[in-house]
């Protein structure tokens with residue numbers, strides 16, 4: 001009887017260890033980097049006062065190294081890559097981002113998107129690269145040119161019209177079968193603006209609305225910050241008021257500061273994940289040096305928040321009915 005009792009206790013202990021092991025595994029399992037935002041350059045031709053990825057460096061990876069990084073992401077499970085900046089089309093008149101888009105789509109079978117201010121995008125670029133691009137997001141925070149100039153969404157010329165760029169690129173997206181998206185940052189100068197008519201006219205498939213965000217080392221003023229967005233910040237209540245007025249629009253996708261800080265996988269110009277959870281950008285080692293898995297441990301990424309904010313949606317133009325345009 002004693003032997004049986006000891007044997008039972010032994011197996012109970014082993015079973016307890018097994019349960020504990022799988023419990024730990026389930027809680028430490030690393031998320032799959034389904035969607036990654038690659039800020040391939042910090043250089044930009046605009047002067048947005050609220051920018052939280054400013055031109056602190058002129059770094060940019062050689063094309064082959066950037067492709068190697070994209071391949072590593074694919075092998076780690078990435079299904080969508082978004083190219084951003086800075087301004088992606090500032091490099092080689094868009095050839096650099098075009099070739100990366102081609103590689104991600106053709107060689108890695110990823111959904112592809114680009115975020116741009118639209119000012120440098122030409123029809124020739126669409127002719128060459130549009131078939132590799134699923135989504136093009138154009139940044140436009142106001143449908144009043146003076147408001148855009150006031151916030152720095154301009155190249156500095158008096159004749160500049162961000163709204164004109166939005167309309168031009170929207171037409172190119174329709175002509176060349178690319179999903180058209182608008183990104184807007186809501187701040188002190190535009191949170192009371194009614195944008196319903198303009199959005200209904202432009203008919204973006206997705207309208208992403210961000211609350212103006214402060215990031216230490218980027219846009220909080222002082223010696224180490226190139227921008228000072230402190231005077232543009234709005235309260236959570238003011239952001240919610242804007243959202244309430246526009247939430248009935250089918251394309252409307254709001255994003256608070258909390259969601260922005262920890263629900264994105266962001267790679268900088270050297271392919272380092274940026275952890276923004278502490279209100280600053282703490283870089284991981286580059287995925288080119290240590291691999292995706294090791295770098296991901298330093299990303300601060302909240303996978304649950306990613307899904308909660310609707311980070312996974314119809315990423316490809318084949319999945320979206322563009323005939324409605």
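Each row is one residue, and each column tells you yes or no for (1) surrounded by fewer than 17 Cβ atoms within 10 Å (Cβ to Cβ); (2) in contact with a helix residue (DSSP H, G or I) (Cβ under 7 Å, 6 or more places away or on another chain).
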residue: 229; (1), (2): no, no
residue: 239; (1), (2): no, no
residue: 248; (1), (2): yes, no
residue: 265; (1), (2): no, no
residue: 281; (1), (2): no, no
residue: 285; (1), (2): yes, yes
residue: 290; (1), (2): yes, no
residue: 300; (1), (2): no, yes
residue: 314; (1), (2): yes, no
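Condition test on residue 252, is it in contact with a helix residue (DSSP H, G or I) (Cβ under 6 Å, 6 or more places away or on another chain), surrounded by 15 or more Cβ atoms within 10 Å (Cβ to Cβ) and either under 18 Å from residue 187 (Cα atoms) or at pLDDT below 85 (or both)? It is true that residue 252 is in contact with a helix residue (DSSP H, G or I) (Cβ under 6 Å, 6 or more places away or on another chain), surrounded by 15 or more Cβ atoms within 10 Å (Cβ to Cβ) and either under 18 Å from residue 187 (Cα atoms) or at pLDDT below 85 (or both). Taking the stated definitions as given, is residue 245 modelled with pLDDT of 90 or more and under 18 Å from residue 35 (Cα atoms)? Here the answer is no, as residue 245 does not meet what is asked.
Would you check if there is a residue in segment 211-228 being more than 24 Å from residue 263 (Cβ to Cβ) and at pLDDT 95 or above? No: zero hits. Of note, residue 318 does not satisfy the criterion of being loosely packed, with under 15 Cβ neighbours inside 10 Å, over 22 Å from residue 214 (Cβ atoms) and under 16 Å from the mean Cα position of the chain (by Cα). Identify all residues within segment 313-325 that are in a loop (DSSP other than H, G, I, E, B) and in contact with a strand residue (DSSP E or B) (Cβ under 7 Å, 6 or more places away or on another chain); write none if there are none. Within segment 313-325, 315, 316, 320 qualify.
For segment 44-64, which positions are modelled with pLDDT of 90 or more and either buried (at least 18 other Cβ atoms within 10 Å of the Cβ) or assigned to a loop (DSSP other than H, G, I, E, B) (or both)? Scanning segment 44-64 gives 44, 45, 46, 60, 61, 62. Inspection of segment 172-191 identifies no residue that is free of Cβ contacts under 8 Å to residues at least 24 places away in the same chain, surrounded by fewer than 22 Cβ atoms within 10 Å (Cβ to Cβ) and over 22 Å from the mean Cα position of the chain (by Cα).
Residue-wise test of (1) within 20 Å of residue 203 (Cβ to Cβ); (2) surrounded by 22 or more Cβ atoms within 10 Å (Cβ to Cβ); (3) touching a strand residue (DSSP E or B) at 6+ places or on another chain (Cβ under 8 Å).
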site	(1), (2), (3)
92	no, no, no
116	yes, yes, yes
125	no, no, no
133	yes, yes, yes
141	yes, yes, yes
148	no, yes, no
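In summary, residue 154 fulfils each of the numbered conditions (1) surrounded by fewer than 16 Cβ atoms within 10 Å (Cβ to Cβ); (2) outside any helix (DSSP H, G or I) with the single exception of condition (1). Just wondering, is there one or more residues in segment 65-75 that are touching a strand residue (DSSP E or B) at 6+ places or on another chain (Cβ under 7 Å) and at pLDDT below 95? No; the residues of segment 65-75 include none that is touching a strand residue (DSSP E or B) at 6+ places or on another chain (Cβ under 7 Å) and at pLDDT below 95.
The values are calculated or read from the model by the stated rules, or taken from the named source; none is laboratory data. Keep in mind it's a predicted model, so treat the numbers as computed, not measured. Don't worry about glycine lacking a Cβ; one is built from the backbone with ideal geometry, like all the others, and counts go over all protein chains shown.
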